[in-house]
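The values are calculated or read from the model by the stated rules, or taken from the named source; none is laboratory data. Just so it is clear, the model here is predicted, and its values are computed rather than measured. We place every Cβ from the backbone using ideal geometry, glycine too, and count neighbours over all the protein chains shown.
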Amino acid sequence: MALKIVKGSIDRMFDKNLQDLVRGIRNHKEDEAKYISTCIDEIKQELKQDNIAVKANAVCKLTYLQMLGYDVSWAAFNIVEVMSSSKFTYKRIGYLAASQCFHESTDVIMLTTNQIRKDLSSPNQYDTGVALTGLSCFVTPDLARDLANDIMTLMSHTKPYIRKKAVLIMYKVFLKYPESLRPAFPRLKEKLEDPDPGVQSAAVNVICELARRNPKNYLSLAPLFFKLMTSSTNNWVLIKIIKLFGALTPLEPRLGKKLIEPLTNLIHSTSAMSLLYECVNTVIAGHDVNGSPFLPPFSLALFLFLRFQLCVQKLRILIEDSDQNLKYLGLLAMSKILKTHPKSVQSHKDLILQCLDDKDESIRLRALDLLYGMVSKKNLMEIVKKLMLHVDKAEGTTYRDELLTKIIDICSQSNYQYITNFEWYISILVELTRLEGTRHGHLIASQMLDVAIRVKAIRVFAVAQMATLLDNAHLMTGNVQRKGICEVLYAAAWICGEFSEHLENPMQTLEAMLRPKVATLPGHIQAVYVQNAAKLFATLLKNQEGNTDRTAAQETSQLMIDRLPLFVQSANLEVQERASCILQLVKYIQKLQQKDVEVAEEVIALFAGELNPVAPKAQKKVPVPEGLDLDAWINEPPSESESEDEQPKAIFAKEEPKHSRARHTEVDEKELAKRREARKQEQANNPFYIKASPSSQKVYQEAPGVEHIPVVQIDLSVPLKVPGLPMSDQYVKLEEERRQKERVEKKKKEKKKRKEKRGGRGKKHDSGPESEEDITPAHMVDIVTEEMPEDKKSSKHKKKKQKREKEEKEKKKKKKHHHHHHHSDGGGEESVQNGTVEEEEPLPVSVCHQSFTEIDIQGNLQDGSQVVVSVIFENKCDNFLKTMEFNVLDSLNSKLQRPEGSGPHDGLSVPFQLPPETRSSGTLRLSVFVIVFPQNEDSSTHEKLDFKLHFTCSSYLITTPCYSDAFAKLLESGDLKCSSVRLEGVNMPFHHLLARICFHHHFSVVERIDSCASMYSRSIQGHHVCLLVKTSGQTVSIDAKCDEPTLLGNVLDEIKQTFSQC
Amino acid sequence: MQFMLLFSRQGKLRLQKWYVPLSDKEKKKITRELVQTVLARKPKMCSFLEWRDLKVVYKRYASLYFCCAIEEQDNELITLEIIHRYVELLDKYFGSVCELDIIFNFEKAYFILDEFLLGGEAQETSKKTVLKAIEQADLLQEVRPHVVTLHFNSALFLIRLLRLN
């Protein structure tokens, strides 16, 4: 026996143990992968041996390799073997390996259930402990379900060591197997009062985590926890309890009231920062909750406020601490307060600005976040000034870029709400362009454009600044690193061109824009340069033609002609196109100039009209003009067969006009005027139609004269043309003076008022520090709202609907292009409805009527069960139809596709309005489940216009071209059912006949030989339909094949119908 | 706590403990990303960072980084305390712990961690109790020459084994 053990030990000696493995890996730094692969081979050998010690050693090594990132999932079964060893040494290693390597999808986990159960009930507490620890890492829903009872028993184990672990692991079990919560909860609650503090804290832990997920079930435990909180001195437990209360107070505000005292005590007394931080956080989170849902008595509210102030004070202490961690957390908590109580944070502005100087970048970024919410009209300039200083100092482009975006964010937030002086803002933007290597050129550019377009009063100033930028463009393009910033030139060129009338020295700017160096800029910027050079040129011509000296104007044209060829050669297509277009134009102008013709007026007309910013969603809200059907084909779909083209008139002759095109030709002048009036009225009523202010439009349309160009006087006390010198500071001063002046004036006014009133109180309000409202912006932002209010729409709609309901009486009328229908054999329940179709007759009309023509039913190829129905609505009355709803009752086999969230009976609102005597078309989508039957859609709701939609089987067919060989293969395949039909007395040429089938039934001709043709079509659900059409005299025979006999029968019936009409 | 990672200044992983079920691939990705992020931070920076939707708390002890990921509502400072407590435990157990101790006895490092944390929650706040439990469990273990082999060659090891039996 002893010999055997010795022998085993000697065997083991030659194995590598973990330490050898680690050392080996460290000695084979160059070929680690190779070394490890040999080790893994050894391990595989070791795992094949019977000796459990060898196996455990191998598994231990594998655990190490797993950490290094090697796949060891192949050894999962060996791990289970080691886990089930009776020796604690090996069991421990086995469980460790399992907890590191197993995850939910490891299949051998199923095998472990019994082993774990055995270990859980082991007399040795460490066996149990090891099993519990392992289980906490790899517990699966199955394991949780099977072992929940065993673990629950362990919660009342005699040894606290086991109880503690069992309580904690219960949380994992609850997560995996929620049903276990209910039976286990009483015992868990009991553990809150366990004599052992470790078990107690474990129970607190678990309940706290549970309560965070679903607080309301744990409200009843509040008194117990309250007791624990006041008695416990263990900070770990206290933190958890406070966190738990943080989750409970929103549900029970009275709890908050009770918590005030103990929390305040803790805040005052504790020396543990973690506990203090937790208390402060909870108070902050609870403060707004306490404030809003119920109104506490005044004294309490005051008390709450004081407590809140205490927290803010404590946070200040945290931020002032030299420990970076506390500083960071303090700022983090401040940002939470900022959302609800910006005022409380604003008073600590000094401190937060100080944090911007911190050497830790993450602290600086936190402080930046806070600044965003702290700005007001009053302090914006000051804060931005400070930030600009940081931009200059900052090393590292990421932080600088972050600063840049923050500056722009802060300034532009809520529609430039806090900017009182846009000259200052523009100069800030210009200063930002001097940043080395920023990526955010486009951001600056879009701000420049936005401000210049929307703040009309600033244009003169902006143009002057942009002209300077263009003049100094070499500063931006010179350095390769500065690639990003040249985006700014895009904005500069556009602003200078568009508002060129404000330019001080347009000639100089034009030259700057046509410098050869420009050709090194990115293409899209060059394109803007070229286009705006043309605008500038137009303005220049205008100025110069005003003078008596004509040579100046000619010189300008010559400059353009000299410089533009550079751009004509550009590799960028857009630059090329614009340049050659403009070059030709200028050449033509030059010719005219030589003949002494005045051209400026006409040239300037090219660029007349103001470009207004358009809200991003505006387009959607403009109604589709009458007669324009965005979904209808302008031409017939291209898949029509050629035979149709031969004599299309003959085919369409008997058809109703498909679109309103025909009508339009008949419209006379009177009619047009009437319509125009109607459209104007409609637009006037439409809140979403952007109306150009009539004045500005007229200015440009009628007389583009100089006197109409708004000239704004600017105060040139500021040197405008000092490139490379920051100027925004001066605005801070100027703005201060302006505000001072305003304040004085206001005071005067107030005094006057007071005098007038002769208010006897005689108390003088000291206007002291000016309030937000007192500061009036120097420029107004032209607020083209980016988002149009949605609520307006709904309210108007309601009114109109009521009105409409009064006015309107419906009329039933329907026109169908396939009017006739025979009951199909397989029609089933639909055929009952079918009978009613033809019997409906137009009803008399009283006040107004609306007609409604179903025009086209098309399958949707993308979705085999969808059919698109195009409907033309026509208003035949004199009244304006504001809203219409469209509804189809769902039948067994079809369903109207409604927007998400609407009920099964809600109608679709038609997205346009109908002025009198107009028509418009809309589409609706229906889901169809089985397509082999024709069906009728019936809609009869309320007093509205009722209609029927008739779906023939042909409308489910989609014209699909098919090659003859593929067609032959299809016929040979033998999957298709055969059927045939004979048509007598068909009196038309064969190609007309084919065209008719193609048109009405969506077939395509595969091949035609004399009086014989093969045709093909496919249904939206992929059924093939093949036809062989033969004619002899007046008899037409159609042999048809299809993989769905019912569909085929119905299609043939429909074809028969078509021809029986003629 | 979602997981705990120990890694060296060179970015070598020394210990990992996951309290959330994730696939190996995800674990590797997270580890790589996090190790890079933490190593890139300057020494004077604070110990917290926001990473994905988690908060990461890390602290450097000598050449080892201890790094924990916690959830949004968790307390950063107590997590820092947990890290510190674990280091203290390792220190007591190994007697002024160094990186090599953790490399060569990595299973011990795990056992200590498992006695201290369970399922991501602190199970025992008393250092004494944790160490006692480890010692007790070690007593149960077959005497294994793990410490000895660090210093002696295999011949010595053989002699020792023979004497034992």
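Filter the range A:545-577 down to residues that are surrounded by fewer than 21 Cβ atoms within 10 Å (Cβ to Cβ), under 20 Å from A:His502 (Cβ atoms) and among the polar types (S, T, N, Q), then give me how many there are.
Residues in the range A:545-577 being surrounded by fewer than 21 Cβ atoms within 10 Å (Cβ to Cβ), under 20 Å from A:His502 (Cβ atoms) and among the polar types (S, T, N, Q): 1 in total.
What do you reckon, is B:Leu90 free of Cβ contacts under 8 Å to residues at least 24 places away in the same chain, farther than 16 Å from B:Gln2 by Cβ and within 12 Å of chain A (Cβ to nearest Cβ)? Walk me through it before giving the result.
Details: free of Cβ contacts under 8 Å to residues at least 24 places away in the same chain: yes; farther than 16 Å from B:Gln2 by Cβ: yes; within 12 Å of chain A (Cβ to nearest Cβ): no.
Considered against the rule, which asks whether it is free of Cβ contacts under 8 Å to residues at least 24 places away in the same chain, farther than 16 Å from B:Gln2 by Cβ and within 12 Å of chain A (Cβ to nearest Cβ), B:Leu90 comes out as no.
Select from the range A:181-237 the residues that are of a type in the set (Ser, Thr, Tyr) and either crowded, with 16+ Cβ neighbours inside 10 Å or more than 14 Å from every other protein chain (Cβ to nearest Cβ) (or both) and list them in ascending order.
Of the range A:181-237, the ones of a type in the set (Ser, Thr, Tyr) are A:201, A:218, A:220, A:230-233.
Hits for the range A:181-237 are A:Ser201, A:Tyr218, A:Ser220, A:Thr230, A:Ser231, A:Ser232.
So, A:Ala202, is that one within 27 Å of A:Asn235 (Cβ to Cβ) and under 47 Å from the mean Cα position of the chain (by Cα) or not? Don't jump to the end; show me each part of the working.
On the way: within 27 Å of A:Asn235 (Cβ to Cβ): yes; under 47 Å from the mean Cα position of the chain (by Cα): yes.
Yes, satisfied.
Can you tell me which residue among A:Leu135, A:Leu68, A:Leu96, A:Leu111 is within 11 Å of chain B (Cβ to nearest Cβ), surrounded by fewer than 18 Cβ atoms within 10 Å (Cβ to Cβ) and of a type in the set (A, V, I, L, M, F, W, C)?
Numbers: A:Leu135 fails: surrounded by fewer than 18 Cβ atoms within 10 Å (Cβ to Cβ); A:Leu96 fails: surrounded by fewer than 18 Cβ atoms within 10 Å (Cβ to Cβ); A:Leu111 fails: within 11 Å of chain B (Cβ to nearest Cβ).
Just a single option satisfies the conditions, and that option is A:Leu68.
Need the failing condition index for A:Tyr161 against (1) under 19 Å from A:Gly134 (Cα atoms); (2) under 47 Å from the mean Cα position of the chain (by Cα), just the number.
(2)
Which of the residues spanning the range A:360-398 are among the polar types (S, T, N, Q) and either farther than 17 Å from B:Lys42 by Cβ or in a loop (DSSP other than H, G, I, E, B) (or both)? Steps first, please.
Restricting attention to the range A:360-398, the residues satisfying the condition of being among the polar types (S, T, N, Q) are A:362, A:376, A:379, A:397-398.
Selection gives A:Ser376, A:Asn379.
Specify the residue that is nearest to the other protein chains (Cβ to nearest Cβ); the eligible residues are those in the range A:251-287 that are in a helix (DSSP H, G or I) and charged (D, E, K, R).
Quick first cut of the range A:251-287, residues in a helix (DSSP H, G or I) only: A:253-269, A:273-287.
Imposing the further condition that a residue be charged (D, E, K, R) reduces the set to A:254, A:257-258, A:261, A:278.
Details: A:Arg254: 23, A:Lys257: 23, A:Lys258: 22, A:Glu261: 22, A:Glu278: 5 Å.
That would be A:Glu278.
Just one of (1) under 19 Å from A:Ser427 (Cα atoms); (2) modelled with pLDDT under 85; (3) within 37 Å of the chain's Cα centre (by Cα) trips up A:Phe499, so point out which.
In the conditions (1) under 19 Å from A:Ser427 (Cα atoms); (2) modelled with pLDDT under 85; (3) within 37 Å of the chain's Cα centre (by Cα), A:Phe499 misses (2) alone.
Among (1) of a type in the set (Gly, Ala, Ser); (2) more than 8 Å from every other protein chain (Cβ to nearest Cβ); (3) touching a residue at least 12 places away in the same chain (Cβ under 8 Å), where does A:Gly129 come up short?
For A:Gly129, the failing item is (2).
Against the condition modelled with pLDDT of 85 or more, more than 10 Å from every other protein chain (Cβ to nearest Cβ) and within 50 Å of the chain's Cα centre (by Cα), how does A:Val80 come out, does it pass? I'd like the intermediate steps shown before the answer.
Working: modelled with pLDDT of 85 or more: yes; more than 10 Å from every other protein chain (Cβ to nearest Cβ): yes; within 50 Å of the chain's Cα centre (by Cα): yes.
In short, yes.
Could you check, for the range A:32-43, whether at least one of its residues is closer than 30 Å to A:Asn149 by Cα and out of contact with any Gly (no Cβ under 9 Å at 6 or more places or on another chain)?
Kept after step one, since they are closer than 30 Å to A:Asn149 by Cα, are these residues of the range A:32-43: none.
Checked the range A:32-43: no residue is closer than 30 Å to A:Asn149 by Cα and out of contact with any Gly (no Cβ under 9 Å at 6 or more places or on another chain).
If we keep just the residues of the range A:116-129 that are of a type in the set (Gly, Ala, Ser) and surrounded by 14 or more Cβ atoms within 10 Å (Cβ to Cβ), which is farthest from the chain's Cα centre (by Cα)?
The first filter runs over the range A:116-129 and keeps only residues of a type in the set (Gly, Ala, Ser), leaving A:121-122, A:129.
Still in the running and surrounded by 14 or more Cβ atoms within 10 Å (Cβ to Cβ): A:122, A:129.
Values: A:Ser122: 57, A:Gly129: 50 Å.
Among those that are of a type in the set (Gly, Ala, Ser) and surrounded by 14 or more Cβ atoms within 10 Å (Cβ to Cβ), it is A:Ser122.
Of the residues A:Ala166, A:Ala144, only one is within 14 Å of chain B (Cβ to nearest Cβ), among the aliphatic types (A, V, I, L, M), within 21 Å of B:Leu117 (Cα to Cα) and touching a Phe, Trp or Tyr at 6+ places or on another chain (Cβ under 7 Å); which? Can you show your working first?
Numbers: A:Ala166 fails: touching a Phe, Trp or Tyr at 6+ places or on another chain (Cβ under 7 Å).
Only one candidate qualifies: A:Ala144.
Taking the conditions exactly as written (in a helix (DSSP H, G or I), without any contact (Cβ under 8 Å) to a residue 60 or more places away in the chain, among the polar types (S, T, N, Q) and within 18 Å of A:Leu469 (Cα to Cα)), does A:Gln576 satisfy them or not? Quick ask: steps written out before the conclusion?
Details: in a helix (DSSP H, G or I): yes; without any contact (Cβ under 8 Å) to a residue 60 or more places away in the chain: yes; among the polar types (S, T, N, Q): yes; within 18 Å of A:Leu469 (Cα to Cα): no.
No.
Of the numbered conditions (1) surrounded by fewer than 23 Cβ atoms within 10 Å (Cβ to Cβ); (2) closer than 20 Å to A:Gly609 by Cα, A:Ala493 satisfies every one except a single condition; which is it?
Of everything listed in (1) surrounded by fewer than 23 Cβ atoms within 10 Å (Cβ to Cβ); (2) closer than 20 Å to A:Gly609 by Cα, A:Ala493 misses just condition (1).
Results for (1) without any contact (Cβ under 8 Å) to a residue 24 or more places away in the chain; (2) part of a helix (DSSP H, G or I); (3) closer than 19 Å to B:Pro21 by Cα, shown as yes or no for each residue.
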position	(1), (2), (3)
A:Phe77	no, yes, no
A:Ile93	no, yes, no
A:Ala98	no, yes, yes
A:Gln115	no, yes, no
A:Asp119	no, yes, no
A:Pro123	yes, no, no
A:Thr133	no, yes, yes
A:Cys137	no, yes, yes
A:Arg145	no, yes, yes
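Filter the range A:33-50 down to the residues that are surrounded by 14 or more Cβ atoms within 10 Å (Cβ to Cβ) and either under 52 Å from the mean Cα position of the chain (by Cα) or hydrophobic (A, V, I, L, M, F, W, C) (or both) and list them by number.
A:Tyr35, A:Ile36, A:Cys39, A:Ile40, A:Ile43, A:Leu47
Residues are listed down the side, and each one gets a yes or a no for (1) more than 44 Å from the chain's Cα centre (by Cα); (2) at pLDDT 90 or above; (3) among the hydrophobic types (A, V, I, L, M, F, W, C):
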residue	(1), (2), (3)
A:Ser85	yes, no, no
A:Gln100	no, no, no
A:Glu104	no, no, no
A:Met110	no, no, yes
A:Asn114	yes, no, no
A:Leu168	no, yes, yes
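Which numbered condition in (1) touching a residue at least 24 places away in the same chain (Cβ under 8 Å); (2) in contact with a helix residue (DSSP H, G or I) (Cβ under 9 Å, 6 or more places away or on another chain) is the only one that A:Gly1022 fails?
Here A:Gly1022 clears every test but (2).
Checking A:Val986 against (1) in contact with a Leu (Cβ under 7 Å, 6 or more places away or on another chain); (2) within 20 Å of A:Ser955 (Cα to Cα), which single condition isn't satisfied?
(2)
Hey, can you tell me all the residues within the range A:334-363 that are within 11 Å of another protein chain (Cβ to nearest Cβ), more than 29 Å from the chain's Cα centre (by Cα) and buried (at least 17 other Cβ atoms within 10 Å of the Cβ)?
As a first pass, look at the range A:334-363 and keep what is within 11 Å of another protein chain (Cβ to nearest Cβ): A:358-363.
So of that shortlist, the ones also more than 29 Å from the chain's Cα centre (by Cα) come out as A:358-361, A:363.
Hits for the range A:334-363 are A:Asp358, A:Asp360, A:Glu361, A:Ile363.
For the range B:93-113: of the residues being at the interface with another protein chain (Cβ under 10 Å from one of its Cβ atoms) and touching a residue at least 60 places away in the same chain (Cβ under 8 Å), which is nearest to B:Val57 (Cα to Cα)?
In this case the residue turns out to be B:Leu113.
Which ones in the range B:17-63 are more than 9 Å from every other protein chain (Cβ to nearest Cβ), in contact with a helix residue (DSSP H, G or I) (Cβ under 6 Å, 6 or more places away or on another chain) and farther than 30 Å from A:Thr106 by Cβ?
Those that are more than 9 Å from every other protein chain (Cβ to nearest Cβ), in contact with a helix residue (DSSP H, G or I) (Cβ under 6 Å, 6 or more places away or on another chain) and farther than 30 Å from A:Thr106 by Cβ: B:Lys59, B:Tyr61, B:Ser63.
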